[in-house]
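Input: a single structure, listed below in C-alpha cells.
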Amino acid sequence: MNVLLRTVRRRTLIGLDIGTGGARAVQLTRRGDRHTIGPVAVGTWSPETTEDGNPSVEAPGNLGDRLLGLRGQDTFRGRRVVTGVNPPAVTFQSLDLPSSVFTQKDANLPQVVRWEMERLLTEKAQRVETRHWALPKPQAPAATAIGVAADRAAIFETLAHCRKAGLSCVRVDASAAALARFGARLRRWESKHVWGVLDIGLLEARLVLCADDTPVLVRRGGGGGHAWTTRVAEALQLSLSAADVQKRDHGIALNGRGARRETDGRPDRDSRGRLPSILLGALRNELRHLAAEVKRSYEYVLSCYPRRQAADLILVGGGAAMRNLPEYLGDALGIPVRRASDYLGDAACRLQCCCKPGYGFEDIASAVGLAIEP
C-alpha cells in the first residue's frame, strides 16, 4: 500500500541551560508542530559564594567536566547543542526605532541597532555582541524592537566549556527568547492576549511578557529562591539547607478557599497549618514586591497594546514549586497563574513530557525552549 502522507519525526539539537546552581540538557523529538521531551539530563552543584555570602554567578572552574557528566546520564543523539546566556551576562533594551527600517528590510538595520545599543550601554558597548527582534506593531507610542547585548567574554567562556565536554555549540541564544518559545507551545495564544513567563531562579525572578508569541518586555521581577530561603532561615532560626526544605515542603498559607484560616489573628495550633503561616509572614515583603513588579509590567504592556487583555502568567524555575505560590500570585494579580506542568495534557499543549521520574518540568523550561528551533 502506498503511503500518501507521512509525518516525519526529527530529533532537535540539544538545549543546554547552564544556571547558577546547575545545568539541564534536553533533546526533543519533533512530529509536525508537536514536540516530545526526552532525553533529559540534570546536574546540580553548590555555587561559589561572594564576599557577602550570596551565590556567585561565576561558573565553576570544572564546568566542562560537569557538562561531560551530563552526557553520560541519558542517550542523546549527536553532540550539537544550543546554549543560552542569562543575566548579568545579557541585558535587554527597549528600542524606539522607525518602523520603516523593519518594513523596508534595511540592510543597515543591524548597524543601526548596534549604534543605538552603544548609546545606551556606554562603557559596555565594545565588549558585547548585539542582536535584536522586532515587536508587534503597538497601538500607542511604544518601543518597536528589543535590543539584546551579550557579554562577548561570557559567550567565549561558554563555548570553551562546551568544547571541553566534547560538545559542539552551534548557537547561543537569549534566555528570554527561549522561555517565550517554551510558553508558546503550552497553549495556542490568541492575538488579543498578553501572556507571560516568570522564571524564579536561584538569584532572581525574571519576567518575560509576550504578544503574538514575541517577547515584548523582559525585566527583573525581584529576588529569587536564595533570597526567599534566607528570609525563611531568619524567621525559623534554621540553616539555609533546612530552611529550603521547609519552604519546599510546606509552602505558604492562603487566607481563602482551599487554605487554613488564621483565627484571632494567630496561626492554627496544628504544626502543619502553622508553618505555612510563618513562611508567608517571612516572605510577605518579597512576594508583594514580586507581585507589584509583575502587575506594573502587565499594565505597561497593555498601555502599549490597549486592544489586548492580560492572560496567563506561567511559572517556571526552581522557585515555582513552592506550594500555593500560583494561588497567591493569582489573587494578587487577578489573572490565571499556573505552573508550566499544569498545561501538560491539555488539548492545546504541543509539548509531551516523557522524562524519567525525578525531573521537574518547571526546572527544564529554559532547556526545552533552547532546543526548539526559532
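The values are calculated or read from the model by the stated rules, or taken from the named source; none is laboratory data. Here the structure is a predicted model, which means the values were calculated and not measured. Because the Cβ atoms are built from the backbone with ideal geometry, glycine has one as well, and the counts that use them run over all protein chains shown. We work out accessible area using only protein heavy atoms, side chains counted, and drop any ligands, DNA or RNA first. Shrake-Rupley method; radii C 1.70, N 1.55, O 1.52, S 1.80 Å.
Using the structure shown, decide if A348 is outside any helix (DSSP H, G or I) and small (G, A, S). Criteria met by A348.
Taken over the range 322-345, residues that are part of a helix (DSSP H, G or I), closer than 15 Å to L287 by Cβ and not aromatic (F, W, Y) amount to 8.
Looking across V40, V26, one residue alone is closer than 24 Å to D244 by Cβ and modelled with pLDDT of 90 or more. It is V40. Do we find that D249 is modelled with pLDDT under 90 and under 13 Å from L325 (Cα atoms) in this structure? In short, yes.
If you take the residues in the range 69-92 that are over 17 Å from R152 (Cα atoms) and surrounded by 18 or more Cβ atoms within 10 Å (Cβ to Cβ), which one is modelled with the lowest pLDDT?
Across the range 69-92, the extreme among qualifying residues is L70.
Contact annotation: residue pairs with Cβ atoms under 6 Å, 6 or more positions apart or on different chains, pairing a residue in the range 8-27 that is among the charged types (D, E, K, R) with a partner that is assigned to a loop (DSSP other than H, G, I, E, B), are R11/R77.
Condition check ((1) open to solvent by 20 Å² or more (accessible area, probe 1.4 Å); (2) over 26 Å from G21 (Cα atoms)) across all residues:
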| site | (1), (2) |
| --- | --- |
| E286 | yes, no |
| R296 | yes, yes |
| R307 | yes, yes |
| L329 | no, no |
| L333 | yes, yes |
| P336 | yes, yes |
| F361 | no, no |
| A365 | no, no |
| P374 | yes, yes |
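Contact map, the range 216-227: residues that are at positive phi and open to solvent by less than 10 Å² (accessible area, probe 1.4 Å) paired with residues that are of a type in the set (D, E, K, R) and in a strand (DSSP E or B), Cβ distance under 8 Å, separation 6+ or inter-chain. Pairs shown: G222/E204. Among the residues of the range 157-210, those that are among the β-branched types (V, I, T) and within 22 Å of P138 (Cβ to Cβ) comprise V194, V197, V208. Checked against the criterion of being part of a helix (DSSP H, G or I) and within 19 Å of K247 (Cα to Cα), the range 302-318 has at least one qualifying residue.
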